[in-house]
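The values are calculated or read from the model by the stated rules, or taken from the named source; none is laboratory data. Note that the coordinates shown come from a computational prediction; the quantities given were computed from them, not determined experimentally. As a convention, Cβ positions derive from the backbone with ideal geometry for all residues, glycine included, and neighbour counts pool all protein chains shown. What goes into the accessible areas is simple: the full protein's heavy atoms, side chains included, and nothing from ligands, DNA or RNA. Shrake-Rupley method; radii C 1.70, N 1.55, O 1.52, S 1.80 Å.
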Amino acid sequence: MKRNFYLLYRDSSYTSFFSVPLIWCTLKTYYEENSPHASEWSWKDPYLGRLDADDIMEVFRKDPPDVLGLNIYVWNEMFLDTFAEQVKAEFPNCLIVYGGFQHNVQYNENYFKEKHWVDIVIPGDAYGELVLTEILDQFPIQDFSQIPYVYYTNENKDRFRSIVPINKLAFKWPQNIFKAQEEHILPAIVEARNKDIPIVIFYQTSRGCPYKCIYCNWGGGTNTKPVKKPMEIVTSELDWLASKANVNRIELSDANFGIYPIDVEIAQYVVDLKHKYGYPQTFEIEPAKNSLKRVIQIEEILLSGDLMSHHRLTIQTLDSTVRFNIERLNMPFDGQVKGLRYLQSIAPVDLPLYIEAILGLPGDSFKATCEEYDLIYQYNIPIGWVHHYGWMLLPDSPAYSPAMREKFQIKTVNKWVNQNPKLKEGHSVTNGDKLNLIGMLLNKSVETVVGTYSYTPDEWSRMFRLSHLTVACHIVGIETYLLKYIVDTHGAKPSDVLTVLLDFVDAPENIKNEELRRLFINEKNTLTNWLYGDLPICEVDIDPDFPILVPHHAFFALAILMHPREFFAEIADILSVKYQDEKIVDLGFYISKILLDYNYSPREFTTMFNWQSYFKDNVPLVESEFTFISDDESPTQSAEKVAKLMEYYVYSVAEALNPTAKVSHTLRLK
């Protein structure tokens with residue numbers, strides 16, 4: 001009788017796509033090609049992880065597991081921990097193997113005491129194919145120390161590390177894993193496609209990363225020589241994904257796509273596949289850190305095939321002290337910008353731009369964050385396109401070590417800064433399966449960094465709110481009009497204006513308008529209670545009846561767009577006093593009137609200056625009376641408050657791949 005092996009992977013709470021089971025296919029195909037015992041094992045349903053825990057247990061009761069493998073990540077750790085504990089209680093002889101990245105076994109000698117149901121942990125930098133082959137071949141295992149590269153335990157739940165190494169460079173990629181497993185994976189893909197569910201694959205053409213950024217971990221390890229998949233296997237697998245699976249989106253998990261010259265050929269092959277089959281529709285890469293010319297060449301090829309959904313600059317930080325601390329190798333920013341300008345010039349359509357940065361790395365500070373915005377603005381790039389992600393301390397990253405924590409005086413909270421909307425308990429919305437459920441994010445093993453030697457948690461709070469307010473300023477037109485005017489006219493730095501705005505929302509008790517005061521007090525209290533109290537989720541509740549908790553940038557934007565006249569009257573008055581310029585008051589009034597705001601209706605209004613031609617045509621300001629007419633239709637159709645707010649939230653913030661000022665495009669002089 002064959003033994004049963006189950007491998008469970010659970011996607012993040014964004015379940016609006018259907019994932020091709022890459023890991024299951026890779027492990028199974030490798031085992032079948034390399035083990036003399038392959039015929040002794042039955043590999044079970046690759047999609048079992050999509051079911052609820054009770055349904056999976058029913059499957060197990062009918063066909064009990066001998067070995068259960070689970071891929072643990074930050075978004076599924078709580079679910080899989082609870083489930084695995086239940087499995088061990090009901091099937092005590094089942095060998096439970098943890099893989100993935102979210103396990104702190106390396107620095108926690110009590111790991112197996114705390115997670116007593118776990119038998120083996122495969123580190124995230126291992127080559128799982130090599131290790132799992134030994135686990136299955138030696139099952140039932142007599143000597144765990146002979147299983148290569150793993151952590152294991154005994155009856156006392158002590159922690160041990162095996163004495164057998166693995167040779168990563170000797171790893172041989174299995175042949176076309178999708179074709180090999182087609183009968184097991186294709187029917188479910190076809191079913192999903194027939195339901196118009198997007199098909200997605202997180203694919204790899206290489207494994208490992210040669211760099212050693214302290215905040216990072218990566219499949220195959222960091223600071224190690226990458227292993228490249230042979231081109232004939234890559235093309236065969238990509239052909240299957242396009243022709244058989246009709247994959248909508250391929251996201252490469254290569255740490256540095258473009259580091260190899262052959263990556264140019266891979267990009268062209270994907271373009272050719274799209275021309276032939278219509279798939280994939282997008283092909284997203286993690287660009288190489290030190291191969292700018294080749295990365296631009298690759299992205300030019302992808303643009304020619306309409307395979308890019310956005311432009312992207314990955315800076316993490318522009319501060320030299322921070323870069324030194326994190327041992328980060330960056331492509332020169334001016335080179336990235338030149339490449340961006342070239343790609344924008346040849347792109348058939350305007351694509352959104354993401355600038356990815358990490359908030360709060362060691363050496364960071366409020367001052368450094370401001371200087372980063374000022375530098376980016378000098379390149380004529382909207383600073384509202386900068387997306388600062390919270391620094392999550394990953395268990396397999398160098399920074400997780402006690403030595404690094406002590407060196408940089410790292411302070412953390414056991415909470416997750418997810419920065420995505422959350423569906424409230426007991427509420428529902430259309431397409432709610434695209435939203436994070438709060439219960440999935442209460443993972444207390446997560447560590448978000450909120451302090452280092454260079455900044456305190458209080459300062460982190462200001463850095464965090466500044467980053468979100470900056471995005472909101474772009475959404476509501478502050479950056480496009482108000483900030484630009486002050487910078488151009490008064491020689492101010494962008495961060496000077498942003499700091500005034502931050503001080504305004506940071507002292508909400510001084511805000512004159514009662515509703516704005518209530519909203520901004522709520523936002524500040526939410527972040528404070530998340531940082532210092534017991535609030536597990538830092539997203540903000542904009543209204544008790546609103547079904548979604550929104551991230552701070554969305555909250556700032558919505559609060560302003562719900563009360564534009566009141567907000568711009570107060571902030572323009574403050575700025576006009578600071579810069580001794582009464583024209584700012586009139587500009588604030590102008591912005592408040594051209595926004596397609598929450599209560600938008602066709603309107604006629606008069607300003608004292610020619611703001612439209614000043615910004616649009618770059619003509620000098622003229623003082624006179626200028627009457628404008630705007631007759632766009634309202635972006636919302638509902639009269640009921642919550643439904644209207646939801647429509648407006650989706651229209652103005654949530655669905656925007658790239659924040660853009662929502663202004664009237666038919667504004668004209670009377």
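What the table shows:
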{"quantity": "Flag if residue 65 is open to solvent by less than 40 Å² (accessible area, probe 1.4 Å), touching a residue at least 60 places away in the same chain (Cβ under 8 Å), assigned to a loop (DSSP other than H, G, I, E, B) and touching a Lys or Arg at 6+ places or on another chain (Cβ under 9 Å)", "calculated": "yes"}
{"quantity": "Within segment 202-248, considering residues that are touching a Ser or Thr at 6+ places or on another chain (Cβ under 8 Å) and among the aliphatic types (A, V, I, L, M), the one nearest to residue 192 (Cα to Cα)", "calculated": "234"}
{"quantity": "Segment 563-605 - residue that is part of a helix (DSSP H, G or I) and among the small types (Gly, Ala, Ser) and, of those, most open to solvent (accessible area, probe 1.4 Å)", "calculated": "569"}
{"quantity": "Filter result (of a type in the set (A, V, I, L, M, F, W, C) and either out of contact with any Pro (no Cβ under 9 Å at 6 or more places or on another chain) or open to solvent by 60 Å² or more (accessible area, probe 1.4 Å) (or both)) within segment 97-126", "calculated": "97, 112, 117, 118, 120, 121, 122"}
{"quantity": "Test set (1) of a type outside the set (Gly, Ala, Ser); (2) more than 25 Å from residue 489 (Cβ to Cβ); (3) buried (at least 18 other Cβ atoms within 10 Å of the Cβ); (4) touching a residue at least 40 places away in the same chain (Cβ under 8 Å) - residue 560 fails condition number", "calculated": "(2)"}
{"quantity": "Residue match in segment 4-22 (condition: in contact with a Pro (Cβ under 9 Å, 6 or more places away or on another chain), under 28 Å from residue 249 (Cβ atoms) and part of a helix (DSSP H, G or I))", "calculated": "no"}
{"quantity": "Complete set of residues in segment 288-324 that are within 16 Å of the chain's Cα centre (by Cα) and either within 30 Å of residue 366 (Cα to Cα) or open to solvent by less than 10 Å² (accessible area, probe 1.4 Å) (or both)", "calculated": "310, 311, 312, 313, 314, 315, 316"}
{"quantity": "Residue 445 vs. criteria touching a helix residue (DSSP H, G or I) at 6+ places or on another chain (Cβ under 9 Å) and outside any loop (DSSP other than H, G, I, E, B)", "calculated": "no"}
{"quantity": "Test: residue in segment 362-377 that is open to solvent by less than 30 Å² (accessible area, probe 1.4 Å), modelled with pLDDT of 95 or more and over 24 Å from residue 497 (Cβ atoms)", "calculated": "yes"}
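Every residue, every condition in (1) among the hydroxyl-bearing types (Ser, Thr, Tyr); (2) in contact with a strand residue (DSSP E or B) (Cβ under 8 Å, 6 or more places away or on another chain); (3) modelled with pLDDT under 95; (4) not in a helix (DSSP H, G or I), yes or no:
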residue: 131; (1), (2), (3), (4): no, no, no, no
residue: 135; (1), (2), (3), (4): no, yes, no, no
residue: 149; (1), (2), (3), (4): yes, no, no, yes
residue: 157; (1), (2), (3), (4): no, no, no, yes
residue: 196; (1), (2), (3), (4): no, no, yes, yes
